Each structure stands twice: as C-alpha cells, then as structure tokens.
Amino acid sequence: MKKILASLLLLAVSAFALDINSATAEEFVKVKGIGEKKAERIIAYRDEHGKFASVDELKNVKGIGNKIVEIIKSESSDS
C-alpha cells in the first residue's frame with residue numbers, strides 16, 4: 001500500500017511540473033514571485049531567443065533572479 005501511495009504522489013508531482021519551454025503565462029504566475037508582468041517577460045524572452053537551454057537562463061529575463069530561479073527549479077521538469 002505504501003508503494004502505491006508513493007507512486008501516486010510521484011505521478012501527481014510530475015503531472016504538475018512546470019515546463020519553462022512550453023508554460024503559459026497562467027502557469028508561470030502560479031510560481032511564487034512571478035506575477036503577470038514577469039510571466040509576460042519570460043514568454044517574450046522565450047519567443048525572441050528560442051527554448052531555454054536551462055532554468056538558469058531565466059536569469060537573463062529582467063526581474064528574474066536567483067531566488068525565483070531556485071523556486072522554478074524545484075517545480076520544473078526542465079532542471
């Protein structure tokens with residue numbers, strides 16, 4: 001039973017992982033520290049420069065620093 005619950009928990013967590021290369025503004029604003037403007041900047045940067053090679057590349061977006069990058073890494077499927 002514990003193995004089943006652990007598997008279900010892992011599945012649930014992976015189902016809600018943030019993919020920074022396909023996330024919408026609505027998905028980005030669910031991340032602590034990211035509001036509508038930062039979400040729009042992330043998407044504009046991605047549209048202009050292409051897919052992010054890593055979560056750390058988000059630091060190139062105005063207003064995104066180490067703290068937000070660490071939060072995204074914990075929620076990301078791209079880290």
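Bear in mind that the values in this text are calculations on the coordinates, not laboratory data. Just so we're clear, the structure is a prediction, and the values are computed from it rather than from any experiment.
Defining a contact as two alpha carbons under 8 Å apart and six or more residues distant in sequence, what relative contact order in percent does segment 18-75 show?
34 percent
Could you give me D for segment 18-75, from Stokes-Einstein at 37 °C and 0.692 mPa s, where the hydrodynamic radius is the Kirkwood radius over C-alpha pairs? Units µm² s⁻¹, please.
For these conditions, the coefficient is 299 µm²/s.
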